[in-house]
Amino acid sequence: MKVIGEKVQFVSGDDAVCYGALLAGCTFFAGYPITPATEIAEGMARLLPKIGGIYMQMEDEISSLAACIGASWTGRKCLTATSGPGFSLMQENIGYACMTETPLVIVNVMRSGPSTGQPTLAAQGDIMQARFGTHGDHEIIALYPNSVQESLDLAIQAFNLSEKYRVPVILLLDAEIAHMREKLVIPDDFLIINRVLVTIDTKEYHPFRTGFTHPGSKVPEFAPFGSGYHTYVTGLTHEEHGFPSTTDPHAHDRLVRRLSEKILDDEEALSYLETRFCEDAETFLITYGITSRTALAAVKNARQKEKKVGYVRLKTIWPFPKKTLQHILHDAHDVIVAEMNLGQLIMPVREIFGGARNITKVGGEIFLPEEMERVM
Amino acid sequence: MIEIDESLCKGCYVCIEFCPLEVFIISDKITVAGVYPPHPEYIEKCTACKLCELMCPDFAISVGDKK
Amino acid sequence: MLPTIFCAGCGVGSIMNYVLRAIERLSLNINKTIFVSGIGCSSRIPGYIHADGLHTTHGRAIAFATGIKICNPELNVIVFTGDGDCVGIGGNHFIHGIRRNIDITVIAVNNFTYGMTGGQLAPTTPRGSYTTTTPYGNIEHAFDMAHLAKVAGAPYVARWSVLDPHQSIKSIGEGIRKHGFAFIEMLSPCPTAFGRRNELKMVRDQWEWYKNNTIHIKKLEVLRATSEEVEIKEAEKKIIVGVLQDIEKPEYVSEWNKLLERVACTDR
C-alpha cells in the first residue's frame, strides 16, 4: 500500500498499529486524544483521507465508540484508540457491541492507573478490565503484542478475528511498546478475513439466526444498513428476528450462551503464545507485553546458570488460553507470573496451577532481569 | 367508511376529542383488552377529513374517502 | 408487533404516525432509511417499523447516527430521542452533532419527564412540577430544547405539539429534506408518568395546557411589533412553537468529501 511508504521503516508501536489497520482494510477511525494513544489518532488522521477513508474526532470516548459501531453497521472496518480513562468510558458501548455482534477493533494503550495516574508511563493494569469492564455475561478477544512489528501483525489479526466472530477485539499495548521505535517490515502477504454477508432471500432473513445458511456456525451472517434486509439491532435481549424479547428467560439464555460459545468453542485456536526453553523446564516464567522482553533476558541468564527455566509469553490474553497453558504447565514444579500491576493475570493462572507465584512492579519502570532472576 | 381495529384500540379517545363534526361516541361494547372503543355513530356527518386516522396513536382507524 | 407498548393517550404513537406520513409524502426509499434511537419510550418507535433500525445506548443516538451517515451518505438517517435522552445524558452529543452539522433528522419527543422509568425529574420538567423524584415540587429550571438547538446553530429547528398533525408532518418533511442537522421537538403528553401527578391525567387536560401555554412564533412576532410591554411579557412566558430556524450552512459529509477530493491519492 503506497501511502504506508517504504517496506522497511523505523517507527513507533502506535505508527505500526495504524499501518496494520490500513492493511487489514480499516477505512474508519473515530477517537479522542489521550496520552499515550494520541499518535494513533494523528496517524489515522493523516493516512485515512489519502485512501478515501474517514477520520472523525468525536467529543469524547463514548461517542467515539458509538460512531465506530454505527460505521461498522454500514459494512466498514472500524478502529478507535484510547487509554485507561477513555477505556473506562467506553465500557457501556463495548457491552453494546458484544450484544449486537458488531465487529470492530479497540486499541487500549495502557498507562499507569487507576484514574489519571501516570499518563506517560507504562503499566499492565487493564487486563481484567478488558475482560470484565462491561457489565453482564459476555466474552471478549484481547491480543497483546510485545514489539513494534507485532503491533502491526496483531492489529491485522485483531481485525480478522473481529470480522470472523462478530465481536469487538481489544488490542492491548503498553505505553512502552506504543512509544518505542523499532524496525518494522511491511508484509507483502497476509490473510484478510471479512464478515460473512447474508445472501438468502429477504423474506427468509432473520438477523440473529445462526446455523441456518451455514450449518454449525454460531455467528450470524451480516446485512449492512441500506442493503434492503431491514435489520433491527438493539442492546435489549432479542430473539433471532432481532426484536426485543426481554421477559423470556429462554430467549436470554439462548442468546448469551451463544455469544459466549461462539468464542469459547475456539479457545485453543485463539490461544496465541510464544514458548522458549520449555521442553525440559521445571520452572515457568509467564509474561506478556513489554515485561516479556525482560523475561527473555532473565530466562536466558538463568539457563546459562543451568537452571531449568521456561519462557512463556501470552499474545492472547482473552479468551484466557486455559487448555494450552494446562498442557504446557503439566509437569511444572514452579510457576511465576511477572506483571506490571498488582496482580491480575495471576488469577486465571492460579486456576491452572494453584501455587503460582506473582512478582509485581508498579510505578512506570519496567522490570530489570535481575528482579526476575532473584525469584527463580 | 370508518373502520376501527378493536385489537389495536386502547381507548384514549383522541379521535372523539378531535373530530370536528362529533361523529364518534364511546360504544358500550367492551373488547378483550377491557376497552370501550369509539363508534362512528353519526357517520353521515363525516367529511373524510381523516384527522382521526392521522392522530390515532395506535393506527386503529381507517377512513375511506367520502362517497 | 402492534399494539405498541405506549400507554393510552401517549403522544409517541401519534408522532410515529406523523413521521411515517412525512416519509410517505416525500416518497423516501424505505430500504435506504435508517431509524436510530436511544433509550426511552420514544426510542421504541423503530421497533415497530419495517426498516433498518439501531436501538442504541441511553443518550448516544446522535453519535451512532453520525457514524452511519458519514459512512453511507445515501441513507436517510432519522433519530428518535426523548427529552432526557437528548439533553440530559445526551446533552454533549446533542450540541456537538449540531456543531458538526451532520445531515441527520432528530425527532425529540418532549414529555417533560423520564417516562419509561416511571416519571422522574428531567431537564425539561417545568419548575414546580411534581415527579417521583421531586415529590415536593421541582426547584430546577427547565431547558428549552429547541432554543438550545437554534443557538447551537442547527440549520433547521421546529417545535410543535401533537395537537398539530399537519404542521408536524410538514416540519418533519422539511427537516428530512434539509441538508444539515434538522431538529424537530414534539411536545407530547405522558398521562401515566407525568400527567397523573400534575393534574393533567386526562388527554383533554394536557391538550388544554398546550393550547394555553404555547404560542406560535409568528403570533409572537406580531405581538412584539404591536402590543403593550405587559402583554408581550406574558406571551414570552409561553413555549414558542413553529419553525424557529431555517438557514443554510456547510454540512459535515459534504465538507469531508471536498477534503477527500483535495487529498486522496489516486495511486494508493
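Just one of the listed residues (C:158, C:149, C:142) is hydrophobic (A, V, I, L, M, F, W, C), at negative phi, at pLDDT 95 or above and assigned to a helix (DSSP H, G or I), namely C:149. Right, residue A:281: among the small types (Gly, Ala, Ser), in contact with a helix residue (DSSP H, G or I) (Cβ under 8 Å, 6 or more places away or on another chain) and crowded, with 18+ Cβ neighbours inside 10 Å or not? No, not satisfied.
Residues of segment B:13-47 that are surrounded by fewer than 18 Cβ atoms within 10 Å (Cβ to Cβ), in contact (Cβ under 8 Å) with a residue 24 or more places away in the chain and more than 12 Å from chain C (Cβ to nearest Cβ): B:20, B:21, B:39, B:43, B:45, B:47.
Screening residue A:244 against (1) touching a Gly at 6+ places or on another chain (Cβ under 7 Å); (2) in contact (Cβ under 8 Å) with a residue 12 or more places away in the chain leaves a single unmet condition, (2). Within segment C:152-164, is even one residue within 14 Å of another protein chain (Cβ to nearest Cβ), small (Gly, Ala, Ser) and closer than 12 Å to residue C:108 by Cβ? No.
When residues in segment A:117-133 are screened for being crowded, with 20+ Cβ neighbours inside 10 Å, part of a loop (DSSP other than H, G, I, E, B) and not acidic (Asp, Glu), 3 of them pass.
Listed conditions (1) facing another protein chain (nearest Cβ under 10 Å); (2) of a type in the set (Asp, Glu); (3) in a helix (DSSP H, G or I) are all met by residue A:59, apart from (3).
Residues to consider are B:10, B:50; find the one that is within 10 Å of chain C (Cβ to nearest Cβ) and in contact with a strand residue (DSSP E or B) (Cβ under 8 Å, 6 or more places away or on another chain). Break it down into steps so the answer makes sense when it comes.
Working: B:10 fails: in contact with a strand residue (DSSP E or B) (Cβ under 8 Å, 6 or more places away or on another chain).
It is B:50.
Of all residue pairs spaced 6 or more apart or on separate chains, those with beta-carbon atoms under 7 Å, a first member in segment C:222-247 that is farther than 26 Å from residue C:107 by Cβ and a second member that is of a type outside the set (A, V, I, L, M, F, W, C) are C:223/C:231; C:232/C:224. Apart from one condition, residue A:79 fits all of (1) more than 9 Å from chain C (Cβ to nearest Cβ); (2) under 17 Å from the mean Cα position of the chain (by Cα); (3) buried (at least 24 other Cβ atoms within 10 Å of the Cβ); (4) outside any strand (DSSP E or B); the exception is (4).
Per-residue answers, yes or no, for (1) among the hydroxyl-bearing types (Ser, Thr, Tyr); (2) within 20 Å of residue C:110 (Cα to Cα):
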residue	(1), (2)
C:37	yes, yes
C:60	no, yes
C:64	no, no
C:71	no, no
C:76	no, no
C:84	no, yes
C:87	no, yes
C:92	no, yes
C:99	no, no
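Being over 26 Å from the mean Cα position of the chain (by Cα) and either away from every other protein chain (no Cβ under 14 Å) or closer than 18 Å to residue A:74 by Cα (or both) is the filter here, so list the residues in segment A:226-241 that pass it. Those that are over 26 Å from the mean Cα position of the chain (by Cα) and either away from every other protein chain (no Cβ under 14 Å) or closer than 18 Å to residue A:74 by Cα (or both): A:226, A:227, A:228, A:229, A:230, A:231, A:232, A:240.
Quick check: anything in segment C:46-56 hydrophobic (A, V, I, L, M, F, W, C), under 21 Å from residue A:95 (Cα atoms) and in contact with a Gly (Cβ under 8 Å, 6 or more places away or on another chain)? Yes: segment C:46-56 contains one or more residues that are hydrophobic (A, V, I, L, M, F, W, C), under 21 Å from residue A:95 (Cα atoms) and in contact with a Gly (Cβ under 8 Å, 6 or more places away or on another chain).
Here are some residues: C:23, C:78. Which one is over 30 Å from residue A:48 (Cβ atoms) and out of contact with any helix residue (DSSP H, G or I) (no Cβ under 6 Å at 6 or more places or on another chain)?
Working: C:78 fails: over 30 Å from residue A:48 (Cβ atoms).
Only one candidate passes the filter, namely C:23.
Take residue A:99 and decide whether it is buried (at least 19 other Cβ atoms within 10 Å of the Cβ) and in contact with an Asp or Glu (Cβ under 9 Å, 6 or more places away or on another chain). So residue A:99 fails the test. Checked against the criterion of being touching a residue at least 12 places away in the same chain (Cβ under 8 Å) and within 14 Å of chain C (Cβ to nearest Cβ), the candidates A:223, A:251 yield just one match: A:223.
Quick one: in segment A:187-246, which of the residues that are of a type in the set (Ser, Thr, Tyr) and either in the same structural domain as residue A:104 (by TED's automatic domain parsing) or closer than 24 Å to residue C:76 by Cβ (or both) is surrounded by the most Cβ atoms within 10 Å (Cβ to Cβ)? For segment A:187-246, the residue satisfying everything is A:231. Against the numbered list (1) part of a loop (DSSP other than H, G, I, E, B); (2) farther than 30 Å from residue A:117 by Cβ; (3) within 25 Å of the chain's Cα centre (by Cα), residue A:343 comes up short only at (2). Looking only at residues in segment A:82-109 that are among the polar types (S, T, N, Q) and within 22 Å of residue A:263 (Cα to Cα), the one that is nearest to the other protein chains (Cβ to nearest Cβ) is A:93. Among the residues of segment A:25-53, those identified as more than 12 Å from chain C (Cβ to nearest Cβ), in a helix (DSSP H, G or I) and crowded, with 24+ Cβ neighbours inside 10 Å are A:40, A:41, A:44. Summed over segment A:269-298, residues that are without any contact (Cβ under 8 Å) to a residue 60 or more places away in the chain and part of a helix (DSSP H, G or I) total 2.
Among the candidates A:181, A:166, the residue that is away from chain C (no Cβ under 14 Å), in contact (Cβ under 8 Å) with a residue 60 or more places away in the chain, in contact with a Gly (Cβ under 9 Å, 6 or more places away or on another chain) and not aliphatic (A, V, I, L, M) is uniquely A:181.
Which one of A:106, A:69 is under 24 Å from residue C:57 (Cβ atoms) and not in a helix (DSSP H, G or I)? Reasoning before the result, please.
Numbers: A:69 fails: not in a helix (DSSP H, G or I).
Only one candidate qualifies: A:106.
The values are calculated or read from the model by the stated rules, or taken from the named source; none is laboratory data. None of these values were measured; they are calculated from a predicted model. Reconstructed Cβ throughout: ideal geometry from the backbone, glycine too, with neighbour counts over all protein chains shown.
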